[in-house]
Amino acid sequence: MNKEQQENKEPAFKSGFAAIAGAPNVGKSTLLNRLVGEKISITSAKPQTTRNRIAGIAHGEGYQIVFLDTPGVHRSERIFNQKIVDVAMSAIEEADLVLVIADSSRPDSASESLIVEKLQTRTGIPAILALNKIDLVEKPKLLELIDRWSKTYEFAEIVPVSAKEGIQLPELLEAMARLLPEGPPYYPEDALTDMPERFIVAEMIREKVFEHTGREIPYSTAVTIEDFLEDPERGRVSIHAAIHVERNSQKGIIIGRQGQMLKEIGTEARKDIEGLLGTPVFLKLFVRVEKNWSKNPKAIRKLGY
Ligand SMILES: Nc1nc2c(ncn2[C@@H]2O[C@H](COP(=O)(O)OP(=O)(O)OP(=O)(O)O)[C@@H](O)[C@H]2O)c(=O)[nH]1
Ligand SMILES: [Mg+2]
């Protein structure tokens, strides 16, 4: 190849899987949604919202990044929690690149060291650290954090960002694209996620349960889709979903006085689902007791985890 040919050569396409890893509640899913440009992963102010590995695809000029959103890494005695932490750890194992996210306003050293230990088992894997929520911290504190983190692991880059305010996100994408291996895209140009619509619908309902209930209830809840029927005659989709709880008392709380709580959860979820599907939706919710499901591996599997 002569010099002229070399200069005209298009740079090779880059693509790969980037696992998003971090402590609970640091903003992993918020960031995923921003980078993909669509809400595919639910978020909440409470920790341990995400329970599955959810791929979100970012399409850029000359690259495709398949982000893997994961549950927050933490230590727990509960078998259900251990199960979801395993989901995060396996995503790190299969990724080409790891995006570690930390909350710059609230360090969590226990979770952070679990993640760094895991990274060290994957010799040579490139990792980027995104220090999120910089809208909440002063600059000197941020510099201190960068200094502390750079001693824990050899990150290819450390990028301060705010997922919520959209600060430094193009810079983060560019930094990631630089580290990706060369290769053809894994997904077609219009694909945003690998999760079926039914899954996202169930998650949207679970998000409203997280928002409306307190104490242990969000952690005792799972949602399954029982029926998902297109109804062209009425021009809508008809969805029946079950909210599973662990005890009778929790069932009463979710239903609420005269069914008020369940009605609010349903109305808010329906609006989000209509946005997702782009069609009117009839949503019917019912609440079921699946006694202590989160302590029973078989029941955990049955509910989709
Ligand atoms: N101020 C501020 N809040 C943020 C930012 N990013 C996320 N949040 C908030 O942080 C909370 C947690 O966000 P999530 O995206 O659900 O966090 P996560 O890391 O996915 O949490 P888990 O799935 O529970 O591990 C939510 O209330 C978000 O609105 C940010 O850049 N700035
Ligand atoms: Mg999440």
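The values are calculated or read from the model by the stated rules, or taken from the named source; none is laboratory data. Because the structure is predicted, anything quoted here is derived from the model rather than measured. Neighbour counts are summed over all protein chains in view; Cβ atoms, including those assigned to glycine, are modelled from backbone coordinates with ideal geometry. Please note that ligands, DNA and RNA were not included when accessible areas were found on the heavy atoms of the full protein model with its side chains. Shrake-Rupley method; radii C 1.70, N 1.55, O 1.52, S 1.80 Å.
Miscellaneous remarks
- Scanning the stretch 5-24 for residues that are open to solvent by 70 Å² or more (accessible area, probe 1.4 Å) and either at pLDDT below 95 or in a helix (DSSP H, G or I) (or both) yields Q5, Q6, E7, N8, K9, E10, P11.
- Hey, V26 closer than 30 Å to L277 by Cα and aliphatic (A, V, I, L, M) or not: yes
- Looking across G259, G266, G166, one residue alone is within 24 Å of the chain's Cα centre (by Cα) and at positive phi. It is G166.
- Cβ-Cβ contacts under 6 Å between residues 6 or more apart (or on different chains), taken from a first residue in the stretch 25-41 that is touching a residue at least 12 places away in the same chain (Cβ under 8 Å) to a second residue that is near ligand 1 (Cβ under 9 Å from one of its atoms) and among the hydrophobic types (A, V, I, L, M, F, W, C), are listed as V26/I101; G27/A163; K28/I20; K28/I101; T30/A163; L31/A163; R34/A163; S41/L32.
- Of all residues in the stretch 170-202, those satisfying the criterion of being more than 28 Å from F155 (Cβ to Cβ) and aliphatic (A, V, I, L, M) are A191, M195, I200, V201, A202.
- Within the stretch 70-84, considering residues that are under 12 Å from P47 (Cβ atoms) and not polar (S, T, N, Q), the one nearest to ligand 1 (Cβ to nearest atom): G72
- Which listed residue, of I79, I92, I128, is in contact (Cβ under 8 Å) with a residue 60 or more places away in the chain and open to solvent by less than 10 Å² (accessible area, probe 1.4 Å): I92
- Of residues in the stretch 30-39 being within 11 Å of ligand 2 (Cβ to nearest atom) and within 12 Å of T193 (Cβ to Cβ), the one surrounded by the most Cβ atoms within 10 Å (Cβ to Cβ): L32
- Filter result (in contact with a strand residue (DSSP E or B) (Cβ under 6 Å, 6 or more places away or on another chain) and either of a type in the set (S, T, N, Q) or more than 10 Å from ligand 2 (Cβ to nearest atom) (or both)) within the stretch 18-29: A18, A19, A21, S29
- E274 within 13 Å of K208 (Cβ to Cβ), assigned to a helix (DSSP H, G or I) and at pLDDT 95 or above: no
- With respect to being among the charged types (D, E, K, R), more than 21 Å from N25 (Cβ to Cβ), open to solvent by 80 Å² or more (accessible area, probe 1.4 Å) and within 20 Å of the chain's Cα centre (by Cα), E197 fits the description.
- Checked against (1) assigned to a loop (DSSP other than H, G, I, E, B); (2) open to solvent by 30 Å² or more (accessible area, probe 1.4 Å), F228 passes all but condition (1).
- The combined condition, being under 19 Å from T50 (Cα atoms) and touching a strand residue (DSSP E or B) at 6+ places or on another chain (Cβ under 6 Å), is not fulfilled by K83.
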